[in-house]
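Notes to accompany the following structure.
The values are calculated or read from the model by the stated rules, or taken from the named source; none is laboratory data. This structure is a prediction, so every number in the text was calculated from the model and none was measured. Note that each Cβ is placed from the backbone with ideal geometry, even for glycine, and that neighbours are counted across all protein chains shown. Remember, those area values only see protein heavy atoms, side chains included, never the ligands or the DNA or RNA. Shrake-Rupley method; radii C 1.70, N 1.55, O 1.52, S 1.80 Å.
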Amino acid sequence: MKRIVRVLEVLFLVAMIVLCVVVFMAGNGKVPYIFGYRILQVISNSMNPTIDDETCIVIKKVEQEDIVVGDIVTFVSEAPEIRGYLNTHRVHEITADEETGETLYITKGDAYELPDSYPVKYEQIAGRYVGELPLGELLFKGIRFLSDRNNYFVIIILPLFFCFASYAKDLMNALFKKEKDKTDDS
């Protein structure tokens, strides 16, 4: 039974560290993939009525040959007003570059009548839309709250430190007890 409790404590500690890293990265705008999925927040109404702004969506990495017209994809935009940022639009047309033959995706926001001016290359695609995250708005309010370094430290790091210190103390006690038992047996 003690062994199971120890394993659960270690798993809890690892989960807390992973959670801290994910929250910290998300607070800095670097959302990691977890098992090939990524959670993002839509911050514009360009995909209305399909996806409302402030909605949290889940995207999944996708192979190039699996992208078809009608898919909603998230990509790194080349549009000057949001260059370098992620954008989520629907694949309106798939074409090829006349010079290189490279596949290009013409995207369009559902709220717009015209397609985007800048075609998207496969390398720019972060993933395909899978669905909305239930209670995702609450998640991102929490991430915004935790992205304040003071809140993050008090709510996440400090309790994690005490948890780790308690675990380290128990580990040291167990190690020294075993060594004391060995010396007493001699």
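A few remarks follow.
- Residues of region 44-55 classified as open to solvent by 60 Å² or more (accessible area, probe 1.4 Å) and either modelled with pLDDT under 85 or basic (Lys, Arg) (or both), total: 2
- Considering the conditions (1) open to solvent by less than 50 Å² (accessible area, probe 1.4 Å); (2) more than 18 Å from the chain's Cα centre (by Cα); (3) of a type outside the set (S, T, N, Q); (4) modelled with pLDDT under 75, Tyr152 is excluded by exactly one of them, (2).
- Val91 vs. criteria modelled with pLDDT of 95 or more and either open to solvent by 80 Å² or more (accessible area, probe 1.4 Å) or among the aromatic types (Phe, Trp, Tyr) (or both): no
- Whichever residue in region 56-77 is outside any strand (DSSP E or B) and open to solvent by less than 60 Å² (accessible area, probe 1.4 Å) and, among such residues, is nearest to Thr103 (Cα to Cα): Ile67
- Given (1) over 19 Å from Arg38 (Cα atoms); (2) touching an Asp or Glu at 6+ places or on another chain (Cβ under 6 Å); (3) touching a residue at least 60 places away in the same chain (Cβ under 8 Å), index of the condition Arg128 fails: (1)
- Neighbours by Cβ (under 7 Å, 6+ apart or cross-chain): first from region 61-74, modelled with pLDDT of 95 or more; second open to solvent by less than 90 Å² (accessible area, probe 1.4 Å) and assigned to a helix (DSSP H, G or I): Gln64/Tyr122
- Residues within region 23-42 that are modelled with pLDDT of 85 or more, open to solvent by 30 Å² or more (accessible area, probe 1.4 Å) and either in a loop (DSSP other than H, G, I, E, B) or not aromatic (Phe, Trp, Tyr) (or both), tallied: 1
- Residues of region 113-144 classified as loosely packed, with under 13 Cβ neighbours inside 10 Å and either acidic (Asp, Glu) or part of a loop (DSSP other than H, G, I, E, B) (or both), total: 6
- Of the residues making up region 95-112, those that are surrounded by fewer than 15 Cβ atoms within 10 Å (Cβ to Cβ) and either touching a helix residue (DSSP H, G or I) at 6+ places or on another chain (Cβ under 6 Å) or β-branched (Val, Ile, Thr) (or both) are Thr95, Thr100.
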